[in-house]
1. Can you tell me which residue is nearest to ILE432 (Cα to Cα) among those in the range 226-248 that are in a loop (DSSP other than H, G, I, E, B) and in contact with a strand residue (DSSP E or B) (Cβ under 6 Å, 6 or more places away or on another chain)?
2. Every residue in the range 181-205 that is more than 15 Å from the ligand (Cβ to nearest atom) and part of a strand (DSSP E or B), please.
3. Pairs please, first residue from the range 344-369 and in the same structural domain as ALA298 (by TED's automatic domain parsing) and aromatic (Phe, Trp, Tyr), second anywhere and at pLDDT 95 or above and surrounded by fewer than 24 Cβ atoms within 10 Å (Cβ to Cβ), Cβ atoms under 9 Å, 6+ apart in sequence or on different chains.
4. What residue, among those in the range 206-225 that are assigned to a loop (DSSP other than H, G, I, E, B) and in contact with a Leu (Cβ under 8 Å, 6 or more places away or on another chain), is nearest to VAL183 (Cα to Cα)?
5. Name the residues in the range 31-83 that are of a type in the set (D, E, K, R), out of contact with any strand residue (DSSP E or B) (no Cβ under 6 Å at 6 or more places or on another chain) and within 13 Å of the ligand (Cβ to nearest atom), would you?
6. Is it the case that some residue within the range 299-310 is assigned to a loop (DSSP other than H, G, I, E, B), modelled with pLDDT of 80 or more and either crowded, with 23+ Cβ neighbours inside 10 Å or not assigned by TED's automatic domain parsing to the domain that holds HIS214 (or both)?
7. Residues that are under 22 Å from GLY152 (Cα atoms) and not in a loop (DSSP other than H, G, I, E, B): does the range 77-87 have at least one?
8. Here is a list: ASP178, ASP161. Which entry is away from the ligand (no atom under 11 Å from the Cβ), among the charged types (D, E, K, R) and in contact with a helix residue (DSSP H, G or I) (Cβ under 7 Å, 6 or more places away or on another chain)?
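The values are calculated or read from the model by the stated rules, or taken from the named source; none is laboratory data. As the structure is a computational prediction, the values presented were derived from the model and not from experiment. Glycine also receives a Cβ, built like all others from the backbone with ideal geometry; neighbour counts cover every protein chain displayed.
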Amino acid sequence: MDVLAAPPGGAPAASVTVLPAAQLRGELRLPGDKSISHRALMLALLAEGESRIRDAGDGADVRSTAGVVAALGAAVERLPGNGGSVDYRVVSPGDEALRAPAVALDCGNSGTSLRLFAGILAGLPLTAVLDGDASLRGRPVARIIEPLRAMGATLEARDHDSHPPVTVTGRRPLRPIDWTTPVPSAQVKSAILLAGLRAGGTTRVHERVATRDHSERMLRARGVAVRSLPDGAGGAVIEIDGGTTVQAMEQRVPGDPSAAAFWLVAAAVHPDAELGIRNVGVNPTRRAVIDLLARMGADIEERSTTQGVGHDRDGPGDVGEPVADLVVRSSSLEAVDIGPAEVAAAIDEIPVLCLAATQARGRTTIRGAGELRHKESDRLAGIAAGLRALGARIEIDGDDITIDGPARLTGAPTDSLDDHRLAMTFAIAGLIAAGRTNVGRPASAAISYPGFFSDLERIRA
Ligand code: S3P
């Protein structure tokens, strides 16, 4: 019998059992993109007046950002939206009038909230503490403290400035800097750009490997001068002119491609599957997972629905984020070699790509994946333990992953380590594994995708 024991209401279930599905069929609407939702709320805080954000993600991480925006002095209204998404109405007094919060700003589980708010606070004339849950307190912050200090802000953190909580005292104006990021990180780049808004001159960030560019697109849409110049070697230099006003606007958030990745892999590895996924963000800096799966032989059809040009300050607008509808069908996958630049481009999708690799013919290598140790959990250890428990052949050697496929997966207990991307990856594995797959600590899925388990139930034909 195909059954899924979804987490009951009330206390989160300690585990969920996923049984194999005979078929996968249906249409999915994704939560609004998490990265874009965070940035939209933050820029709404900096813009005086009313901003509207349509179809934002409603995961716990985005709610953490909304909470911090309210704590800093904006009025935040969260309204029911389409499917699992919500609309936000944010009315801000503008960054000149924001207030010092009385208590620590709670970023929950969200690294993006903590690091980007550090950049914002660096340019505000107040002191605030950024904190979060046990997982967030284990994540590195020296990577943002160093550039923000170089700009003149005062920052202190636990363990010799290495872990949250982080106390930030802003300074105005900040000094513009020229900074090369040591690891590819859109969070670090964005923190520096947000501080650069309040610098007396032009701030430059050099990324040796280009990362997601949502901050740049959205700042431009809100009237800020941001330039991106290829560095000629696969990276980019991003420049922002300080002193510009961020304008209030209305914007729409596309569906999250990192959430789409679970359904793309589910259908590609399942022997009898066809899934439609509507309104997926296909920004070139986020779509690597689609292209990697296609390179492995996945049958993915893509129909562009907007070119994502421009924005509209009077009506529902977008901020230059391209969107497409996807259809994915059962596929016969081949192994692939994924290098460090592609790892950076698909950083959040590597766990579910590892699952795809267990079903691909040949040896998949994923090189330079060390950053996965610093996510919501140690994802290198977590993915290896979970997939190995299900019968996959997966080895970690330093920062590299090797997977030999195809492997016949058999249901077994797995542990999400309270990490949303691991919980969803193991649940998808359960759709093709023989017998019962147990996903430990499944409630973490709600960090980015609160409707995940009900969508999983719905597509089992
Ligand atoms: C994000 C950037 C990535 C990613 C995270 C969201 C963002 O982190 O893993 O889930 O919204 O900027 P890094 O840029 O630190 O790798």
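1. First, pick out the residues of the range 226-248 that are in a loop (DSSP other than H, G, I, E, B): 231-235, 242-248.
Next, from what is left, pick out any that are in contact with a strand residue (DSSP E or B) (Cβ under 6 Å, 6 or more places away or on another chain): 231, 235, 242, 248.
Values: ASP231: 44, GLY235: 39, GLY242: 52, ALA248: 47 Å.
The extreme case among them is GLY235.
2. ALA199, THR202, THR203, ARG204
3. As it stands, the answer is none, since no pair meets every condition given.
4. Here is the first cut: in the range 206-225, the ones assigned to a loop (DSSP other than H, G, I, E, B) are 208-213, 222-225.
Of the ones still in play, those that are also in contact with a Leu (Cβ under 8 Å, 6 or more places away or on another chain) are 222, 224.
Numbers: ARG222: 28, VAL224: 26 Å.
Among residues in the range 206-225 that are assigned to a loop (DSSP other than H, G, I, E, B) and in contact with a Leu (Cβ under 8 Å, 6 or more places away or on another chain), the one nearest to VAL183 (Cα to Cα) is VAL224.
5. Scanning the range 31-83 gives LYS34, ARG39, ASP61.
6. Pass one, the range 299-310, residues assigned to a loop (DSSP other than H, G, I, E, B): 307-310.
When the remaining residues are screened for being modelled with pLDDT of 80 or more, the result is none.
No; the residues of the range 299-310 include none that is assigned to a loop (DSSP other than H, G, I, E, B), modelled with pLDDT of 80 or more and either crowded, with 23+ Cβ neighbours inside 10 Å or not assigned by TED's automatic domain parsing to the domain that holds HIS214 (or both).
7. Initial filter on the range 77-87 (under 22 Å from GLY152 (Cα atoms)): none.
Within the range 77-87, not a single residue is under 22 Å from GLY152 (Cα atoms) and not in a loop (DSSP other than H, G, I, E, B).
8. Working: ASP178 fails: in contact with a helix residue (DSSP H, G or I) (Cβ under 7 Å, 6 or more places away or on another chain).
Checking each option against the conditions leaves just ASP161.
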